[in-house]
Structures are given as C-alpha cells and as structure tokens.
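The values are calculated or read from the model by the stated rules, or taken from the named source; none is laboratory data. Please read these numbers as outputs of a predicted model, since none were measured by experiment. Cβ coordinates were reconstructed from backbone atoms using ideal geometry, including for glycine residues, and neighbour counts include every protein chain displayed.
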Amino acid sequence: MHVGDALVALGGAFLAAAVLARLGARIGLPTIPLFMLAGVVFGPHTPGIALVENPEDLALIAALGLVFLLFYLGLEFHTDDLVAGGRRMLGAGVGYLVLNIGGGLALGFAFGWGTREALVIAGVVGISSSAIVTKLLVETGRLRNPESRLILGVIVIEDIFLALYLAILQPVLGNASGPVEVATDLGKAFAFLIVLAALARWGARTAGRLLRVFNDELLVVFFVGLAVLSAGVAEELGVSDAIGAFMIGLVLGGSTAAERVRSLVRPLRDGFAAIFFFTFGLTIDPGDIGPVLVPIAIAVALTVVLNIAAGVLAARLHGYGRLEAANIGLTVLTRGEFSLILGALAVSAGLDPRIAPFVAGYVLVLAVIGPLAVLKSEKLVRLPHRERPGSSDKMRPMIVAPAQEGSSTEPGNARRTTSPESR
C-alpha cells in the first residue's frame, strides 16, 4: 500500500472507531464491540466505503495494540499476586481450562465437522481474550477489585497454556515436521518464560534504578522499545507476543517507576487498542455467518454456562460471594485474538470452510454480550434468588472509591478494598 493510502486508511480507521464508539456510549454500550463494528462496516466485506481492503495492511499497528494492552496488564499485576495466589489461583485457572476446553472439544465433536476441526473449536471456545479482558477491567475501573487479581491470574494461566496448545496443535494441522521440532519449540518457549519470570520476580529493583535516570520522553522511548522487543522475541520463540509483553510489564510493574510508566503508557494503550479491535472487525464477512448461526448460538450458550460455572468455582476457592463470582465468570466470557489465530490456522490448513465464519460470528457475539454483561453484573446478581444462611455477600463491606481514569460510573464498577485472601 502506498504511504499516502496507508495514512488515509489508518486515519479513517481511528475516526470511524471513535465516532461509532461515541454514538454507542450515549446508550451505554462499551467501546470494544463498537470498535469491531466499525471494522465490519468500513471493511472489505461490507457494501459502501472500504477504508481498508486488506486487513494485513494494519497488522503491525494492530499487533502494537495487543502489545500495549498486555504490557499494561503486566504493570498492574505484581509478582507478589502470582506467588500469593498459590494453589488456589492455579486451581481456578486449571478449573477454568478443564471446563471450557473440555466443553469446546465435546462441542466440536458434536458438530461432526472432523477431529482436527474439533481440536480447533476446543481452543476457540476454551480460551478467553486477554486483550478484551484487560480492556474491560480498565474501562470499568475494576483493576483494584480483589477478584480482578484472580481474573488476571486466570488469563495468565490461559496465556501460558495457549503457548503449549499452539505448539501441540501445529503438527496436528500439518505445519510441523515432527515431534522433535515440536519438543524443540516447546523447550525454547518455556526457557524464555522462565527467564522473564525470574526477571519479574527478582529484577524489579534493578529495573527501578535504571528507569530513574530517564526523563518522561526517554522513558517512553525506552519502555516502548522494551515491550515491543520482548513481544517480538516471544513470538519468534513460539510464545505469543502477548505473553512476552505481559511478562516485561510484570518486570517494570514491580519497580519504583511503575506509576510513571503506567501513566505514560495509557494513551498508547487506548489508541493502538482501538486499531487492534478495528482490524479484528475487518476480517469478518457478515455474509458467511448465516449458514453457521445455529452452531454459533449453541456455542455461545455453552460458553455462558461454562464461564458462570468456572466463576462460581473460582469464587468458592477464594471465599468470595455471588457478585465476585459473577464478575469473574462474565469478565472472562469474551473471546478474541486467540480464537482468530486458530481460525486463520484452520483456513491455512484447509479444514472445513465453516470454521472461519463460525469463529468470526462466535467471537463477535461474545464481544458484544460479554462487555454488556460485565457492566450490568451487579444488577444481574440482584435478580431474585434464594439466599443461603451465612452468605458472604451480606458480610463483605463495600467501600466506594473514586473511579480510575476512564472508568465507568456504573454502580457495579465501584472499587472494593482488597480482601486478605486476594493478596
């Protein structure tokens, strides 16, 4: 694409996303599905103005959106939370994966599209969107809620799992030469993760001393380079770029400069994330979704049930009440970037052609109802139900604090004090 055309397309993408999101905000809709809708409306598959004919033209900008989203998540998620979570956090993450991956695999076989297709559907249904979950926690001002630490722990465990899942799935889809190559890729991926985890755990003090020497301008240049480089190295080693960005955010999040970095990265996070979701919308062809509407509806219903069950399980493990259980289950309900990666792999491997429109429709529906459900979680919890004696919901005090920057004013978005079990 010519430079002038590329700039027009990129500028138009930003404006289209902003205008649609602004219109939707007037009726209480979250920005995430509206950014995606802008991509659908102004994409190559919809009549009218096509700002971008080929989604690959925005691939690098979209990748930066994912990098900054996960980098910011790492800044907010301290290593102490990972360590303190211990077995309960691991149990919550594993329980979530068992329920959702198992349910997705059963669903894939029930569709009868083939064994390889079933394995792809298992991943599509089983793994939530780290990018959307992060954006939801930021938008709703819930990052400091006690259950949000658990939510972040679950998606971190998911991201680690997906690195293994992708490595195993590659030979199944015919892209790997044999088990030796798979074992080599797995070894490199886990070695990289271990190195970054060690840096996050024990290198924060050194990072803090290093960052103190930079003014704000140079600090932005430094952490952008660090985040992008880490994401690129992770991708080359077979780990997702998202987990690479998250891990380096974890390193800086434990440093004395963490608050400066958080404030400086927010505009980058918000701007590039809009293009990430817009680019996702560009890949959706509305005409292909009709023939797979029934499978999409079944998958969405199953996902809602499984995520609510996983939320209840995780909440009970940590002694939380109904509101926290609802927040956990609904926040991790959305599906996104990983599902699209699997859909693209299925297309390149020549699998059943129904896979791609199924993935697109499934992800778009959950991208709409997931954020709406999160915003209304407190109201949903208040629906008539039988209270159990000694319910923890009656016991836990709620302290309303001023919302974070960019947070919603919904009653369910008030931040609560951190309970002892969350630390």
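Among residues of region 331-348 that are of a type in the set (Phe, Trp, Tyr), those with a beta-carbon under 8 Å from a residue that is at pLDDT below 80 and in a helix (DSSP H, G or I) at least six positions away or on a different chain give the pairs 338/130; 338/162.
Against the list (1) within 30 Å of residue 6 (Cβ to Cβ); (2) in a helix (DSSP H, G or I); (3) of a type in the set (Gly, Ala, Ser); (4) touching a helix residue (DSSP H, G or I) at 6+ places or on another chain (Cβ under 7 Å), the condition residue 18 fails is (4). Residue 338 fulfils the conditions (1) modelled with pLDDT of 85 or more; (2) in contact with a helix residue (DSSP H, G or I) (Cβ under 6 Å, 6 or more places away or on another chain); (3) within 25 Å of residue 240 (Cβ to Cβ) except for a single criterion, (1).
For region 30-50, a tally of residues being surrounded by fewer than 23 Cβ atoms within 10 Å (Cβ to Cβ) and in a loop (DSSP other than H, G, I, E, B) returns 7.
Among the residues of region 117-133, write down those that are assigned to a helix (DSSP H, G or I), under 16 Å from the mean Cα position of the chain (by Cα) and modelled with pLDDT of 80 or more. Within region 117-133, 123, 124, 125, 126, 132, 133 qualify. Would you check if there is a residue in region 317-334 being over 18 Å from residue 107 (Cβ atoms), of a type in the set (Val, Ile, Thr) and surrounded by fewer than 20 Cβ atoms within 10 Å (Cβ to Cβ)? Within region 317-334, not a single residue is over 18 Å from residue 107 (Cβ atoms), of a type in the set (Val, Ile, Thr) and surrounded by fewer than 20 Cβ atoms within 10 Å (Cβ to Cβ). Scanning region 199-231 for residues that are assigned to a loop (DSSP other than H, G, I, E, B) and at pLDDT below 80 turns up 203, 212, 213. Restricting region 357-390 to residues that are hydrophobic (A, V, I, L, M, F, W, C) and more than 19 Å from residue 296 (Cα to Cα) leaves a set whose member that is modelled with the highest pLDDT is 374. Being modelled with pLDDT under 80 and hydrophobic (A, V, I, L, M, F, W, C) is a property that holds for residue 403. Suppose we keep only residues that are closer than 16 Å to residue 121 by Cα and not in a helix (DSSP H, G or I) within region 297-346. Which one would you say is farthest from the chain's Cα centre (by Cα)? It comes out as 333. So for region 349-356 (the condition being in a helix (DSSP H, G or I) and either among the hydrophobic types (A, V, I, L, M, F, W, C) or modelled with pLDDT under 80 (or both)), does at least one residue qualify? Yes; the residues of region 349-356 include at least one that is in a helix (DSSP H, G or I) and either among the hydrophobic types (A, V, I, L, M, F, W, C) or modelled with pLDDT under 80 (or both).
Pairing residues of region 204-215 that are under 12 Å from residue 252 (Cα atoms) with residues that are surrounded by 15 or more Cβ atoms within 10 Å (Cβ to Cβ) and of a type in the set (Ser, Thr, Tyr), at Cβ distances under 7 Å and at least 6 apart in sequence or on separate chains, gives 204/255; 207/255; 208/255; 211/255.
The residues of region 137-170 that are in contact with a helix residue (DSSP H, G or I) (Cβ under 6 Å, 6 or more places away or on another chain), part of a loop (DSSP other than H, G, I, E, B) and crowded, with 24+ Cβ neighbours inside 10 Å, listed by number, are 140, 142.
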